[in-house]
Amino acid sequence: MPGFVLSLANKILCAHGGQVQPMVPNPRVKIMGQPVLTQAPTYVVAGCANPPPPANVGPCLIASWITGSVRVKVMGMPVLLQDSQATCVPTGTPVTVIPMPGRVKGM
């Protein structure tokens, strides 16, 4: 399905409210001055409120993207779309992309 391409301007959260950001953003392609997000790099989670053991498994540390664009790539890596899915480690919970007006669609 086509969807809007994600950039650093998009807000992405873990299920516990932590902010998801790429460790190394892509410097080559930008949308309105913000680097686009690709499926490849490691995404870190900051500020996760999930309690540590023994109450729970601990806070989300990283997010791994499962789906990305099928056709649009940047430097050989699929770009992330608003409907892309990711899971957090070690909790296994999904991330949420906060919708915002998009400019560029990908498939």
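Overview of results
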read-out	value
Options ALA40, ALA46: the member that is modelled with pLDDT of 95 or more and either open to solvent by 20 Å² or more (accessible area, probe 1.4 Å) or under 19 Å from ASP83 (Cα atoms) (or both)	ALA46
Residue match in the stretch 55-64 (condition: open to solvent by less than 70 Å² (accessible area, probe 1.4 Å) and of a type in the set (A, V, I, L, M))	yes
Any chance PRO35 is of a type outside the set (D, E, K, R), closer than 19 Å to MET100 by Cβ and either open to solvent by 50 Å² or more (accessible area, probe 1.4 Å) or outside any loop (DSSP other than H, G, I, E, B) (or both)	yes
Options GLY18, GLY33, GLY47, GLY3; residue that is over 18 Å from TRP65 (Cβ atoms) and in contact with a Gly (Cβ under 8 Å, 6 or more places away or on another chain)	GLY47
Pairs where the first residue, in the stretch 1-24, is over 16 Å from MET100 (Cα atoms) and the second is of a type in the set (S, T, N, Q) and open to solvent by 50 Å² or more (accessible area, probe 1.4 Å), C-beta under 6 Å, 6+ apart	MET23/THR42
Hey, VAL70 in contact with a Pro (Cβ under 8 Å, 6 or more places away or on another chain), open to solvent by 70 Å² or more (accessible area, probe 1.4 Å) and of a type in the set (A, V, I, L, M) or not	yes
Residues of the stretch 27-66 classified as farther than 17 Å from GLY92 by Cα and of a type in the set (S, T, N, Q), total	3
Residue that is modelled with the lowest pLDDT [pool: residues in the stretch 73-107 that are surrounded by fewer than 18 Cβ atoms within 10 Å (Cβ to Cβ), assigned to a loop (DSSP other than H, G, I, E, B) and among the aliphatic types (A, V, I, L, M)]	MET107
Positions within the stretch 22-32 being assigned to a strand (DSSP E or B) and open to solvent by less than 60 Å² (accessible area, probe 1.4 Å), in sequence order	PRO22, ILE31
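The values are calculated or read from the model by the stated rules, or taken from the named source; none is laboratory data. Since this is a predicted model, take the numbers as computed values, not measurements. Glycine gets a Cβ as well: all are built from the backbone with ideal geometry, and neighbour counts include every protein chain shown. Remember, those area values only see protein heavy atoms, side chains included, never the ligands or the DNA or RNA. Shrake-Rupley method; radii C 1.70, N 1.55, O 1.52, S 1.80 Å.
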